[in-house]
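Down below is the structure, laid out as structure tokens.
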Amino acid sequence: MRVPGIEGAASLVWSSANALARRFSGDRTRLPARVVSVGNIQAGGAGKTPLVGWFAREADRRGLGVCILSRGYRGAWESEGGVLAPGETAFASQCGDEPALLRELAPRAWIGVGADRVRQFGRVLERKGGSIDLVILDDGFQNFRLHKDLEIVALTSASPSKKVFRDFSGALKGADLLVWTKGNEMPLSDPSLRDKLVRVRFRLRLPAGLSPDQGFFFVSGLADGEEARRSAVDAGMKIEQCLNFPDHARYSRKEIDSILDQAKRADLKVALTGKDWVKWRELGVPASAVTVFEPEIEISDSDRRRWEQIVWTT
């Protein structure tokens, strides 16, 4: 595998480390529930979080009690641990931006947050006072501690020379379902894996009554902010300015006020995805000051049948 440049070198090192960890991992802990992992092999930008939210809502519609286990990256609970019960308010500074967004996307799910997923599941059971039917292990493909009944991996058309990857493509042989979320080039070079592949697309949900003449200042703290910007343009948003921050960016109110002031002077409305909005909201930014959009998943009938066959009959 030829992997030039910084991204390629980082992909090679990270993927090699996980290949060794996967090979020499010991016995895995079994939880008293069905465990489905939703992960990726590239470091962010594959649409994993909206996929987890969509899956959790689908499970809820089937009458299942759902628990999402998420690391809570860069939140206080990443090391301390914590639990979000259905209906409880999530604060991104406490639980991390992804669990806070998942609270919005899957309001009826229990969410255990922390690096120690086994411990957090125990806390969920303790607080709930009953059993859980389905555990969704958020970002679980590189988790070698837990037994998983099903492995789902989100893929894009990106290559390890363009994006940082955490696993070699050969690791996908251990997945049960591969979900192609972004890009137009087939992400699998191995034809034997394509029977596991379903294709979904993210369509941005724009607010009702949006004027086609309204200009926007798009702000993102995402792994692939440029892809999000292109999706917004494709959906009909008139984006005139764009500001990209690193993934999981931490904002200050002073910084946000400066962005809002800059947008106002240019007669633009600030646009955010939900992952950034949960952090801006916590800092007291009123909903009227921004436009928030979040992707909806579209899936063809044939891919839906394959999804259901693998996810719900395996």
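The values are calculated or read from the model by the stated rules, or taken from the named source; none is laboratory data. Fair warning: this is a prediction, and the values are worked out from it, not measured in the lab. With ideal geometry, Cβ positions are generated from the backbone for all residues, glycine too; neighbour counts draw on all protein chains shown.
So which residues in the stretch 9-46 are more than 30 Å from Ser231 (Cβ to Cβ) and either part of a strand (DSSP E or B) or touching a His at 6+ places or on another chain (Cβ under 6 Å) (or both), if there are any at all?
Arg28, Thr29, Arg30, Arg34, Val35
In the stretch 19-28, is there at least one residue being within 19 Å of Val278 (Cβ to Cβ), among the acidic types (Asp, Glu) and surrounded by fewer than 22 Cβ atoms within 10 Å (Cβ to Cβ)?
no
For the stretch 71-100, name all the residues that are within 15 Å of the chain's Cα centre (by Cα) and among the charged types (D, E, K, R).
Across the stretch 71-100, the qualifying residues are Arg71, Arg74, Asp97, Glu98.
From (1) at pLDDT below 95; (2) surrounded by 13 or more Cβ atoms within 10 Å (Cβ to Cβ); (3) under 30 Å from Ala175 (Cβ atoms), pick out the condition that doesn't hold for Leu197.
In the conditions (1) at pLDDT below 95; (2) surrounded by 13 or more Cβ atoms within 10 Å (Cβ to Cβ); (3) under 30 Å from Ala175 (Cβ atoms), Leu197 misses (1) alone.
Yes or no: Lys279 basic (Lys, Arg), modelled with pLDDT of 90 or more and surrounded by 18 or more Cβ atoms within 10 Å (Cβ to Cβ)?
So Lys279 fits the description; yes.
Quick one: which of Arg61, Arg74 is at pLDDT 95 or above and of a type in the set (Lys, Arg)?
Arg61 is the lone residue from the list that is at pLDDT 95 or above and of a type in the set (Lys, Arg).
What are the pairs, 6+ residues apart or on separate chains, where a residue within the stretch 296-309 that is hydrophobic (A, V, I, L, M, F, W, C) has its Cβ under 6 Å from a residue that is at pLDDT 95 or above and assigned to a helix (DSSP H, G or I)?
Listed pairs, sorted by first residue: Ile297/Trp54.
For the stretch 219-242, which residues satisfy the criterion of being free of Cβ contacts under 8 Å to residues at least 40 places away in the same chain, under 20 Å from the mean Cα position of the chain (by Cα) and surrounded by 16 or more Cβ atoms within 10 Å (Cβ to Cβ)?
Answer for the stretch 219-242, where residues must be free of Cβ contacts under 8 Å to residues at least 40 places away in the same chain, under 20 Å from the mean Cα position of the chain (by Cα) and surrounded by 16 or more Cβ atoms within 10 Å (Cβ to Cβ): Gly225, Arg229.
All but one of (1) of a type outside the set (Gly, Ala, Ser); (2) more than 27 Å from Ala175 (Cα to Cα); (3) within 17 Å of the chain's Cα centre (by Cα) hold for Ile68; state the number of the condition that does not hold.
Of the numbered conditions (1) of a type outside the set (Gly, Ala, Ser); (2) more than 27 Å from Ala175 (Cα to Cα); (3) within 17 Å of the chain's Cα centre (by Cα), the odd one out for Ile68 is (2).
Against the definition (more than 17 Å from Glu151 (Cα to Cα), surrounded by fewer than 15 Cβ atoms within 10 Å (Cβ to Cβ), outside the structural domain of Arg229 (by TED's automatic domain parsing) and out of contact with any Lys or Arg (no Cβ under 6 Å at 6 or more places or on another chain)), how does Asp190 come out, yes or no?
yes
For the stretch 286-297, does any single residue satisfy the condition of being surrounded by fewer than 17 Cβ atoms within 10 Å (Cβ to Cβ), under 30 Å from Arg62 (Cβ atoms) and at pLDDT below 95?
Yes, the stretch 286-297 contains at least one residue that is surrounded by fewer than 17 Cβ atoms within 10 Å (Cβ to Cβ), under 30 Å from Arg62 (Cβ atoms) and at pLDDT below 95.
Answer with yes or no whether Glu151 is in contact with a helix residue (DSSP H, G or I) (Cβ under 7 Å, 6 or more places away or on another chain) and buried (at least 17 other Cβ atoms within 10 Å of the Cβ).
In short, yes.
Identify the single condition in (1) at pLDDT 95 or above; (2) out of contact with any strand residue (DSSP E or B) (no Cβ under 7 Å at 6 or more places or on another chain) that Arg230 does not satisfy, given that it satisfies every other one.
Of everything listed in (1) at pLDDT 95 or above; (2) out of contact with any strand residue (DSSP E or B) (no Cβ under 7 Å at 6 or more places or on another chain), Arg230 misses just condition (1).
Would you please list the contacts, defined by Cβ atoms under 8 Å and residues six or more apart or on different chains, that run from a residue in the stretch 257-273 that is on the phi < 0 side of the Ramachandran plot to a residue that is part of a loop (DSSP other than H, G, I, E, B)?
Pairs that qualify, where the first residue is on the phi < 0 side of the Ramachandran plot and the partner is part of a loop (DSSP other than H, G, I, E, B), are Leu260/Val285; Lys269/Gln214; Ala271/Met237; Thr273/Leu222.
Might you check whether a residue that is under 15 Å from the mean Cα position of the chain (by Cα) and at pLDDT below 95 occurs anywhere in the stretch 101-122?
No.
Can you pull out every residue in the stretch 108-161 that is charged (D, E, K, R), more than 11 Å from Ser70 (Cβ to Cβ) and in contact with a strand residue (DSSP E or B) (Cβ under 9 Å, 6 or more places away or on another chain)?
Matches in the stretch 108-161: Arg108, Arg119, Arg123, Glu126, Arg127, Lys128, Asp133, Arg145, Lys148, Asp149, Glu151.
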